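Take a look at the structure below.
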Amino acid sequence: MDKYALIGYPLSHSFSPQIHNLAFKELGIAGNYEILQIEPDSFDLKILQLKSSPYKGFNITVPYKKNIIPFLDAIDPLAEKVNAVNTIKKDNGKWVGFNTDLFGFLKPIKERLATLKSILVIGAGGAANAVCFALMESTPVEFLTILNRTQKNADILKSILVAELNKNMVIKTGNLTDKIAGKFDLIINTTSAGMGNLKTVIPYDFSDNFTKNTVVYDLIYNPKKTLFLKMAHECNLFFLNGLEMLIAQAQKSFEIWTGKEFPDNFLDKDIFYKND
Ligand code: ATR
């Protein structure tokens, strides 16, 4: 039995074991994917122990996507560029780090990428960093606005992006309480505002910032429709949550680990929302 696991903290509501274990079953692979919740205090020790374990691969999630990097033996150039690793493959006993979040994020909006010139990113943490890099590489973006609860973090993200920038692009930053001018082709929530005990929070009121063609993307997948997405629905906009991204990043990780193509569309997405 090939063993894989998700490392993060806290991990109580992850859909990843279901996704990977169903894919193993679908392809007849003797594999098992489990959850390894590691508390921050014991992270270094547990990771060192895992280095000599029989696991063939891991997913790494919040809050360890950066902390894991010093423990790797090699890192894929894309993961190195975004400075975040969400997938490890054990290759000849060595740990190699990858980032499949960027692929996952882009896949559900693949057909629309060529139309995205003005983009509003809400949040400035690790997820926002990955999203901005992915968009800078794959869209004709000319105007990028980053709004964050703590504007200083948006400014830091801006300086990281500017250092990598190889095209003409205006990057603005602001606070979530700012009422910014301008209409956006894509508005993305990368913050946790809208889930868990922040379920009743709308991270940013975009009512002055959309046209009929604006796409609204919330990286949160639980609940299925955050208040942010309800607002998009009420405005008759195309919107999507983070489930497609979650499945697509899992697909890429699975393919890195097994070398086998992840079956397309075999998952019944409603299984994730039985209680909604
Ligand atoms: P991740 O890697 O998932 O992006 P993170 O790096 O901790 O996690 O970033 C979390 C993001 O959500 C940040 O932009 C954070 O804002 P701050 O920079 O001000 O911390 C944002 N965030 C967290 N809680 C929030 C809240 N209650 N309202 C608005 N934004 C919030």
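Given 0.36 nm per residue, what is the gain on full extension from LYS225 to LYS199 after removing their alpha carbon distance, in nm? Intermediate results must be reported in sequence, preceding the final value.
Working: separation 26, 0.36 × 26 = 9.36 nm, distance 1.02 nm.
8.3 nm is the gain from fully extending LYS225 to LYS199.
With a 10 Å radius around each residue's Cβ, average the other Cβ atoms per peptide and rank 1-10, 122-131, highest first. Numbers along the way, then the final one.
On the way: 1-10: 17.9, 122-131: 23.5.
So the order, starting with the most tightly packed, is 122-131, 1-10.
For ASP73 and GLN37, the FRET efficiency from 1/(1 + (r/R0)^6), where r spans their Cβ atoms and R0 equals 22 Å, is about 0.35. With everything on Cα atoms, drop me the angle between helix 151-164 and the longest principal axis of the chain, reported from 0 to 90° to the nearest 10. Taking Cα atoms only, the helix is inclined about 70 degrees.
Can you give the helix-only mean residue ellipticity at 222 nm for the chain, where every DSSP H stretch with n ≥ 4 adds -39500 (n - 2.57) and the sum goes over all residues, rounded to the nearest 500 deg cm²/dmol? Working shown, then result.
Values: 8 runs with 84 residues, N = 276.
Calculated mean residue ellipticity at 222 nm is -9000 deg cm²/dmol.
Helix 16-27 and the longest principal axis of the C-alpha atoms of the chain enclose an angle of approximately 60°. Working ranking of peptides 217-230, 36-49 by packing, defined as the average number of other Cβ atoms within 10 Å per residue, highest first, is 217-230, 36-49. Taken as Cα centroids, the range 39-115 and the range 134-213 sit 25 Å apart, rounded to the nearest whole angstrom.
Pull out a ≥ b ≥ c, the square roots of the eigenvalues of the alpha-carbon gyration tensor of the chain, then state rounded if a/c is under 1.5, prolate if not and a/b is larger than b/c, and oblate in the remaining case. The partial results should precede the final answer.
Details: a/c = 1.80, a/b = 1.49, b/c = 1.21.
Judged from the Cα gyration tensor, the chain comes out prolate (a/c at least 1.5, a/b above b/c).
Let me make sure I get this right: for the range 1-108, a, b and c are the square roots of the gyration tensor eigenvalues over alpha carbons, sorted descending. Under 1.5 in a/c it's rounded, otherwise prolate if a/b > b/c, else oblate. Which is it? It would help to have the intermediate numbers written out before the result.
On the way: a/c = 1.30, a/b = 1.15, b/c = 1.13.
Rounded, because the longest to shortest axis ratio a/c is under 1.5.
Would the range 130-276 count as rounded, prolate or oblate if I go by the C-alpha gyration tensor, calling it rounded below 1.5 in a/c and otherwise prolate when a/b exceeds b/c, oblate otherwise?
Details: a/c = 1.85, a/b = 1.24, b/c = 1.49.
Here the range 130-276 falls in the oblate category.
Only one residue of ILE29, ILE47, VAL62 has its Cα farthest out toward the positive end of the dipole of the range 16-68, where Lys and Arg carry +1 and Asp and Glu -1 on Cβ, and that residue is ILE29.
Quick note: the coordinates plus some simple rules give every number you see, no bench work behind them. For clarity, every value in this text was computed on a predicted model and none was experimentally measured. Note that each Cβ is placed from the backbone with ideal geometry, even for glycine, and that neighbours are counted across all protein chains shown.
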